[in-house]
Every structure is written in structure tokens, then in C-alpha cells.
Amino acid sequence: MLRDPGVLGEKLVLEELDKLDDENTFKILVATDIHLGFMEKDAVRGNDTFITLDEILRLAQENEVDFILLGGDLFHENKPSRKTLHNCLELLRKYCMGDRPVQFEIISDQSVNFGFSKFPWVNYQDGNLNISIPVFSIHGNHDDPTGADALCALDILSCAGFVNHFGRSMSVEKIDISPVLLQKGSTKMALYGLGSIPDERLYRMFVNKKVSMLRPKEDENSWFNLFVIHQNRSKHGNTNFIPEQFLDDFIDLVIWGHEHECKIAPTKNEQQLFYVSQPGSSVVTSLSPGESVKKHVGLLRIKGRKMNMQKIPLHTVRQFFMEDIVLADHPEIFNPDNPKVTQAIQSFCLEKVDYSGGFEPFNVHRFSQKFVDRVANPKDVIYFFRHREQKESTGKLFLQIKK
């Protein structure tokens, strides 16, 4: 996908580009919502998030990216366990430290970009560290700053020199988003970030014109403007989301975290004329339709005002399938001892069943014991509920394949 304004300031549609890699091209691995530590005590799924982070970092190393960009919720818990922190640091040290030189420079005031840190400069410029792949990350709603000192798990990684935590707002009354200005060869990029803020509060701040995105003073139209945000994109009530039209129209690309469905191919906002990429999560954290979409990370290339987003499928993510059934269409087979039911559950994990319309539920715990060695989520293999208005009985089949 190629985007080239052509005329200064004009935004044209994305097209294909065969050759983009050279000394003027940023290569960025993009991921969001990794949720390290999710289900870490589960006997089957306990290591899933660590295995997938290993794959993500390995892809960054193999593709020789300039840096990794994370869109929030690196951790699932606000206070991750020692196991989770240890595994995270171990993987970052394994893949992100080394002798390969970093090919871009930061030309903005780093004391502004990283002013909340005791080490207000990017980690690869620290003489005590040997960083080959810098990681830039905003925080999400799962790993946001809390407590009297307003610290989060990303601040630990930042202090250790593994992650550059940016996009943090120090005020609850007014937000000024100052970009990290990067340059590689002739390509200049303004990287904006805004860590997670309660949606209703941020919505009000946008309405009241309390959110400003600062632009470079010199030749502002020569910059590729990339914005990373971690908020509700889909509407959850009148003010419990952030409409895309709230964002400034000079932005070229928005990386939208928090939403778990993978919609990583950039789509154009016809009103604001920027593009939005929603990478989605790299782990299934709920049995919902959006989580059943194939998981990807993105390899983003930026050259001048042109961009290309390459979808890279993740192969270590546990498979998850969903299917709708209508029980009224199969009344003769729906009982826990019917072999056809057992055969179906070998391929799908039955999660929701509407048993209205004359059907009777059976013992879920006893039924689920049959699938302990077949699916990764035997405890919630089936859930009965009764719909008051709908006469037809419907259910949903879900599966996470056990590795």
C-alpha cells in the first residue's frame, strides 16, 4: 500500500509499491495488545503470551526493522507477576540488544518526549546500553500508571533501558501531544502517542478543545505524521469511545490499540482523509467474534510521505473458531451422550447455548470433563442461557485448539 500526497499537503489513495527499502525508508514492526501474563497460571495456556512475544520480537529481528512500535497493553495486569516481568525482560534482552547500529536519529527535544523519566533520552543513545532494536510504546488501560507515584510496568522497562515509554500525559485538564521527531536519510517522521485515558474523560476533553497536537515549526508539511492511540474505537455509549473525526486531519496514519479484532490493513477515513490501522491483539482474551479473526502484526514502511503496511500472520497464536447453531434444527441430537455432539466439540468449543423453546440444560461440569484433553478451555466449554423474546434456540460454538 502506497500513499503519496504528490501535491504538498494533498492526500491520495493507497496503491501498491514494489520497492521501498533503502537508506531513506523506515521499517517499523507494529503490534498492540500483547497482554503478557494472560492466563499465566493456566496449565494449558499459561505460556501462550510469552511464546507469541518471542515470535513478534523474532520477526522484528529477522526483518531488520528500525524499531518496534507497541500500541498499549503490553501487560495484562497492572501489577504483572515476577514471572511475567522476568520473561519480558529476558525476551527483550535476547532480541533487542546487540551490535547492529540504529540507522535513524531523534531530532526533537527528548527531555519533552521522555520528561517523566529519570533518564530522559532514547535508550539506544545511552552509552551504558547496547541497543540494536529500540522499542517505543504507549501504555494501555491494563498497564496504565497508578498509585501516588503514577508508575506503571512500562516505567520499569524504561528504567531498565529496554523500552522507550512515550505518549504519557501529566495533566488531567489539558493535553498537549508533542511528537517524537525521527529522521532517517531524507525521510522525516513525527511520532505522536497518547497513552490510555478513560474514554469519557478524553471525549469531554476533545469536545472542550483541551487536546492539542503540536506540529514541527519548520516545514511542517514535509513530515509523515503517525499517531498511536489506545482507546475504544467502536461505540460503547454516547461518550464512551473516541470518534475518528476528533483527531486532527493533518495525521497520515493512526495506529489504533485497545480493539482486539485484527483490522491491520489501513482504511481511509473519508472525512479526515487519514488512514487507520487496527492491529488487534496477539492473544485471545475472550470468546468473542472479533477474537476469532486471524492474528497479525504489521511491517510498516515509510519513505517520505509514502507508506506500505505488510501484514505478517502470527503462527504461535492458539487457534480459535466460532460457529452459530440453531438447536431447533437439530432437536434429536442435542444431548450430552450423543456421539454427534462429542464429534462436534472435537472441532469446536461450545460457549453459548440458548435453550429456550423446550430444551433442557444438562450438567455442564460433567459434560466438560470429556474435553479436558481436546480443547484449551474445558471449564467454559458450554454456557446455557434462556432468551426471553426469541423463540428459536440459537447457540454459538467456540474452540481454542490445544497445542
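The values are calculated or read from the model by the stated rules, or taken from the named source; none is laboratory data. Source: prediction; values computed, not measured. Don't worry about glycine lacking a Cβ; one is built from the backbone with ideal geometry, like all the others, and counts go over all protein chains shown. Side chains are part of the model used for accessible areas, which takes the heavy atoms of the whole protein and leaves out ligands, DNA and RNA. Shrake-Rupley method; radii C 1.70, N 1.55, O 1.52, S 1.80 Å.
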Review point. Among the residues of the range 65-84, is there at least one that is out of contact with any Cys (no Cβ under 7 Å at 6 or more places or on another chain) and more than 22 Å from Ile156 (Cβ to Cβ)?
Key: yes
Review point. If we keep just the residues of the range 193-216 that are closer than 20 Å to His258 by Cα, in contact with a Ser or Thr (Cβ under 8 Å, 6 or more places away or on another chain) and not β-branched (Val, Ile, Thr), which is most open to solvent (accessible area, probe 1.4 Å)?
Key: Arg204
Check your understanding: Looking only at the range 262-294, which residues are open to solvent by less than 10 Å² (accessible area, probe 1.4 Å) and at positive phi?
Key -> Gly280
Revision key, fill the gap. Exception for Val297 within (1) open to solvent by 30 Å² or more (accessible area, probe 1.4 Å); (2) under 18 Å from Ala31 (Cβ atoms); (3) in contact (Cβ under 8 Å) with a residue 60 or more places away in the chain; (4) touching a Pro at 6+ places or on another chain (Cβ under 7 Å) falls at (1)
Study note, to complete from the structure: Going through the range 194-230 in order, the residues found to be assigned to a strand (DSSP E or B), farther than 14 Å from Phe166 by Cα and either β-branched (Val, Ile, Thr) or touching a His at 6+ places or on another chain (Cβ under 6 Å) (or both) are Val211
Check your understanding: Just one of Arg201, Arg215 is touching a residue at least 24 places away in the same chain (Cβ under 8 Å) and more than 27 Å from Asn24 (Cβ to Cβ); which is it?
Key -> Arg201
Review point. Among the numbered criteria (1) in contact with a strand residue (DSSP E or B) (Cβ under 6 Å, 6 or more places away or on another chain); (2) surrounded by fewer than 20 Cβ atoms within 10 Å (Cβ to Cβ), which single criterion is violated by Thr239?
Key: (1)
Review point. Within the set of pairs 6 or more residues apart or between chains, which connect a residue that is farther than 15 Å from Pro179 by Cβ inside the range 94-117 to a residue that is open to solvent by less than 80 Å² (accessible area, probe 1.4 Å) and among the hydroxyl-bearing types (Ser, Thr, Tyr) with Cβ atoms less than 6 Å apart?
Key: Gly98/Ser132; Arg100/Ser132; Val102/Tyr124; Ser117/Ser158
Point to revise | Contacts under 7 angstrom Cβ, first residue in the range 164-186 being more than 20 Å from Gly72 (Cα to Cα), partner among the aromatic types (Phe, Trp, Tyr), 6 or more apart | key: Leu182/Phe104; Gln183/Phe104; Lys184/Phe26; Lys184/Phe104
Practice item. For the range 183-193, state whether one or more residues are within 26 Å of Thr146 (Cα to Cα) and part of a loop (DSSP other than H, G, I, E, B). Key: no
Exercise for review: Please identify the pairs in which a residue from the range 229-240 that is closer than 23 Å to Leu74 by Cα has its Cβ atom under 6 Å from the Cβ atom of a residue that is of a type in the set (Asp, Glu) and not in a loop (DSSP other than H, G, I, E, B), counting only partners at least 6 apart or on another chain.
Suggested key: Gln231/Asp199; Asn232/Asp199; Asn240/Asp199; Asn240/Glu200
Point to revise | Among (1) farther than 20 Å from Gly167 by Cβ; (2) touching a residue at least 24 places away in the same chain (Cβ under 8 Å); (3) not in a helix (DSSP H, G or I) - the single one Thr267 does not satisfy | key: (2)
